[in-house]
Amino acid sequence: MRFLATLAAALAATPALAASGPFFSLKNTDFVVLLGFLVFVGIVVYFKVPQRLSGMLDDRADGIRRDLDEARAIREEAQSLLASYERKTREAKEQAGDIVAAARREAQAAADHAKADLETSVQRRLAGAEDQIASARNAAIREVRERAIAVATAAAAEVVAKQMTAEQRTAGIDRSIETVQAKLH
């Protein structure tokens, strides 16, 4: 129906109706053109070209629709991959933060341990130095005493030697020999 309305409108708008003289003559070019046009339209309708064209357009529209659906699916897949990568990136950053925090804690613990070890070592060295100082002081006191004893003994011997007579010396030597003999036997 629509086709007939289109054909009637096409015929009404042709210059063939505006030509003068007998219209239905093969000498009238407008009539021949009209006949050629009608034959062409008939052939087109006979071979169902409009239906084929609409089928091809429908097929193309279906292909475009499939391509759009596929593009939508790919886009959704890309978005899910992006979300997955962002999540993995976040998790990796969190793990890196945890590793850094653990490393800092371990470094602090190692520093505290080293500080305690150093403190212990310093205390040990201080105690050793104090022992050495005490030992040196005791040795110095002993040396001073021994020297004082030696000096006092020498001074006493000199004083005694000056005050003693030869007989007293001989008697002292004899007593010393007797004392040694008594202690040895």
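Assessment of the stretch 32-50 against the conditions (assigned to a helix (DSSP H, G or I), exposed (fewer than 10 other Cβ atoms within 10 Å of the Cβ) and not acidic (Asp, Glu)) yields at least one matching residue. For the stretch 162-174, the candidate set comprises residues that are exposed (fewer than 10 other Cβ atoms within 10 Å of the Cβ) and part of a helix (DSSP H, G or I); within that set, the residue that is modelled with the highest pLDDT is Glu167. If I filter the stretch 127-138 for residues that are in a helix (DSSP H, G or I), without any contact (Cβ under 8 Å) to a residue 12 or more places away in the chain, over 60 Å from the mean Cα position of the chain (by Cα) and surrounded by 10 or more Cβ atoms within 10 Å (Cβ to Cβ), do I get at least one hit? Scanning the stretch 127-138, I find at least one residue that is in a helix (DSSP H, G or I), without any contact (Cβ under 8 Å) to a residue 12 or more places away in the chain, over 60 Å from the mean Cα position of the chain (by Cα) and surrounded by 10 or more Cβ atoms within 10 Å (Cβ to Cβ), so the answer is yes. Contact annotation: no residue pair with Cβ atoms under 6 Å, 6 or more positions apart or on different chains, pairs a residue in the stretch 21-47 that is in contact (Cβ under 8 Å) with a residue 24 or more places away in the chain with a partner that is surrounded by 13 or more Cβ atoms within 10 Å (Cβ to Cβ) and assigned to a loop (DSSP other than H, G, I, E, B).
The values are calculated or read from the model by the stated rules, or taken from the named source; none is laboratory data. Just so it is clear, the model here is predicted, and its values are computed rather than measured. Note that each Cβ is placed from the backbone with ideal geometry, even for glycine, and that neighbours are counted across all protein chains shown.
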